Amino acid sequence: MLIIYSFLMERLILLAAAQGTFAFPAEPRIDRIELFGTNAVTLHFNTEANKTYSLQFVDSLSCGTNLPFCGSIGVPADSWSNLFVAPNFPFSNHYVIVDTRTNAHRFYRLKVTD
């Protein structure tokens, strides 16, 4: 029944969106990461109006997932650093952010707040 319900809800959302009666907010996501020169990368993401986006990074996944101070992806919640904060504007936008490659690994996330 759940699969039928999910399929039905998806069809209703698509129908409502096509008729212009429903705006389904997209999950925040990094669209792509590309090499830029020899020591940098570019990160692309879109924003919705009236929301603040924080592009964050961490250089290592420093703990296991069963420790009480770690999140579900193996990173303590306070380990993330802001690379860029897209301010709350009354219009949507597309950002391309350049980050230097200083480590062998770097993990990114896009956090959104109202």
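The values are calculated or read from the model by the stated rules, or taken from the named source; none is laboratory data. The structure displayed is predicted, hence computed values, not measured ones. In this analysis, Cβ positions are derived from the backbone assuming ideal geometry, glycine residues included, and neighbour counts consider all displayed protein chains.
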Does the stretch 30-54 hold any residues that are in contact (Cβ under 8 Å) with a residue 40 or more places away in the chain and within 19 Å of residue 91 (Cβ to Cβ), and which are they? 44, 45, 46, 47, 48, 49, 50, 51, 52, 53, 54
Which numbered condition residue 81 fails, given (1) closer than 16 Å to residue 110 by Cβ; (2) of a type outside the set (Val, Ile, Thr); (3) modelled with pLDDT under 80: (3)
Residue count, the stretch 86-114, condition surrounded by fewer than 13 Cβ atoms within 10 Å (Cβ to Cβ) and more than 19 Å from residue 31 (Cα to Cα), comes to 5
Evaluate the stretch 23-31: report whether one residue or more is modelled with pLDDT of 95 or more, surrounded by 15 or more Cβ atoms within 10 Å (Cβ to Cβ) and not β-branched (Val, Ile, Thr). no
Residue count, the stretch 73-106, condition more than 15 Å from residue 42 (Cβ to Cβ), more than 17 Å from the chain's Cα centre (by Cα) and in a strand (DSSP E or B), comes to 1
